[in-house]
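Worksheet for the structure shown next.
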Amino acid sequence: MKIRASERLSSLLSLLLLLGLAAGTYYLAEKSAQFDNPNAKAAAAHEPDSFVDGLVVTKVNARGEPVFRLSSRHMVHIPLDNRTEYEAPLLVSLDTDKPQVTLRALRARASGDGEVTELFDQVELVREAGKGEAGRIEPRVRITSDSMTLYSPEEIARTTDAVKIEYASSVLTGVGMEFNHATRQFALHGNVRGTYVTPPK
């Protein structure tokens, strides 16, 4: 793969995973705190102390404009380790000035402090085609894996499972991935294969 192509993919992954990292972890932690039951100590610690079916939460900015929407088929809070579990979580960006980004999985688990968010089973991160940071029209990007863990303080996304990155007609695969937003670098750890097709101008 050419260096220029690699740099472009790094830039796109920076945008994609930052949104997933910041928004996903923020929402999951925030909702965990909101649904925390003050009487949890009186309940059995290993049993859920609160739950919500059909959860839908929308975050707005200072101007009252919608920014992200989090939905989940079912949410439970476990007081034993203060974690929150989600069935079919879906995070959707709502900023009409930027390409839509969606992050979904079959299951998710957020730590009580919101610093670690684990996504499991059919994890999919998609950035639709649209205008990028430099004003250029960027193709659709899709990243899939069986799991992904987001570490909010370190701004790192990591998986030990197989990963597939689709960028327009280009495809990159590997086993194990780590993305560091602070350094804007990502690495596939093994069995890396791919084809790069230059997008049409």
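The values are calculated or read from the model by the stated rules, or taken from the named source; none is laboratory data. Bear in mind that the values here come from a model prediction, so they are computed numbers and not experimental data. Backbone-built Cβ (ideal geometry, glycine too); neighbour counts: all protein chains shown. All accessible areas refer to the heavy atoms of the entire protein, side chains included, with ligands and DNA or RNA removed. Shrake-Rupley method; radii C 1.70, N 1.55, O 1.52, S 1.80 Å.
Worth pointing out:
- Residue order by solvent-accessible surface for ILE137, ILE143 is ILE137, ILE143, largest first, with ligands and nucleic acids left out and a 1.4 Å probe.
- Ranked by how many other beta carbons lie within 10 Å on average, peptides 92-104, 116-128 from highest: 116-128, 92-104
- Remark: accessible surface ordering of THR183, THR159 (largest first) is THR183, THR159, probe radius 1.4 Å.
- Stokes-Einstein translational diffusion, the stretch 45-201 - Kirkwood Rh over all Cα pairs, 1.567 mPa s, 4 °C, in µm²/s: 75 µm²/s
- Backbone HN-Hα couplings from phi across the stretch 152-158 [Karplus 6.51/-1.76/1.60, Hz, Gly and Pro as x]: 5, x, 8, 6, 10, 10, 9
- Spin-label model distance (nm) - ALA88 vs GLU154, 7 Å beyond Cα toward Cβ: 3.3 nm
- The stretch between ASP121 and VAL175 holds 17.9 nm of extra length on full extension. This uses 0.36 nm per residue minus the Cα-Cα distance.
- Positive contributions from Lys and Arg (+1) and negative ones from Asp and Glu (-1), summed over other residues with Cβ under 12 Å from the Cβ of ARG140, come out at -1.
- Sorting PHE68, PHE179 on solvent-accessible area from highest to lowest, probe radius 1.4 Å, gives PHE68, PHE179.
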